[in-house]
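Here is the structure we will look at.
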Amino acid sequence: MTQNSKMSIFLKGLIKENPVLVLMLGTCPTIAKSNNVFNALGLGLCTAIVLILSNMAISAMRKIIPDKVRIPCYILLIAGFVTLIQMLVHAYFDEMYERLGSFIALIVVNCIILGRAEMFASKNNIVDSMLDGAGMGLGFTGALLCIATIREVLGAGQFFGYDLPFFSTYHFPLLQKTFGGFLVFGIMIAIVTKLTAGKAPLKKDFACQGCPSAHLCHGECKEEKEVK
């Protein structure tokens, strides 16, 4: 694979296939922890590290993991890395640990992680899988930071916890609520769609190949056709 191809693997997660703003994955943590920049940065970096490590591990073991039990194996590996990150954050970044709470542990069930494991890492070499994890992780972190910046500045009149002139007096607290999170989230999706001019891949293009249960759906469709 050429250097340009490797660069494209890394860059696609930033905008073209951004996991949050294009594929619309990981919506729950995105809305819940994008109310301020500190939370968004902490959760984004933790998720990015888990993405990189799990992608590399699954890629390295892809030839020895039996196909029938690959999903449980993937989840076990991901859970191990999440536990390691959780312990490190608790030990060295106690404030972040307290503010993120259970959302660090919930990285295990973030569909971005398992989706990249099944869709990319299980089919590609370690280097490419690392680049894919890094790109998707930075794309996730970047999306969180963009949403959090808007919500914190316009909703709380602060940035990274510090009061801002003018905004500290004139702000809209509604943006700090769940409604505000979805509102900003929708606006960001519209902006990315406009910037990509419809060139971003549709979510349906990733639905089956990225879904661990796709074979079940295909099986049901086959059975229905046989009955007809």
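The values are calculated or read from the model by the stated rules, or taken from the named source; none is laboratory data. Because the structure is predicted, anything quoted here is derived from the model rather than measured. As a convention, Cβ positions derive from the backbone with ideal geometry for all residues, glycine included, and neighbour counts pool all protein chains shown.
Data overview
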item	result
Pairs with Cβ under 6 Å, 6+ apart, first in region 39-55 and among the charged types (D, E, K, R), second surrounded by fewer than 24 Cβ atoms within 10 Å (Cβ to Cβ) and part of a helix (DSSP H, G or I)	none
Top-ranked residue in region 152-183 [being part of a loop (DSSP other than H, G, I, E, B) and touching a residue at least 24 places away in the same chain (Cβ under 8 Å); ranked as surrounded by the fewest Cβ atoms within 10 Å (Cβ to Cβ)]	Gly161
Val227 at pLDDT 90 or above and of a type outside the set (Gly, Ala, Ser)	no
Extreme residue, surrounded by the fewest Cβ atoms within 10 Å (Cβ to Cβ), among residues of region 61-119 that are acidic (Asp, Glu) and free of Cβ contacts under 8 Å to residues at least 24 places away in the same chain	Asp67
Residue among Val82, Val69 that is modelled with pLDDT under 90 and among the aliphatic types (A, V, I, L, M)	Val69
Residue match in region 188-200 (condition: surrounded by 11 or more Cβ atoms within 10 Å (Cβ to Cβ), at pLDDT below 90, within 25 Å of the chain's Cα centre (by Cα) and not in a helix (DSSP H, G or I))	yes
Of residues in region 125-166 being of a type in the set (Phe, Trp, Tyr) and more than 19 Å from Ile107 (Cα to Cα), the one farthest from the chain's Cα centre (by Cα)	Phe166
Single unsatisfied condition, Lys33 versus (1) in contact (Cβ under 8 Å) with a residue 24 or more places away in the chain; (2) surrounded by fewer than 20 Cβ atoms within 10 Å (Cβ to Cβ); (3) charged (D, E, K, R)	(2)
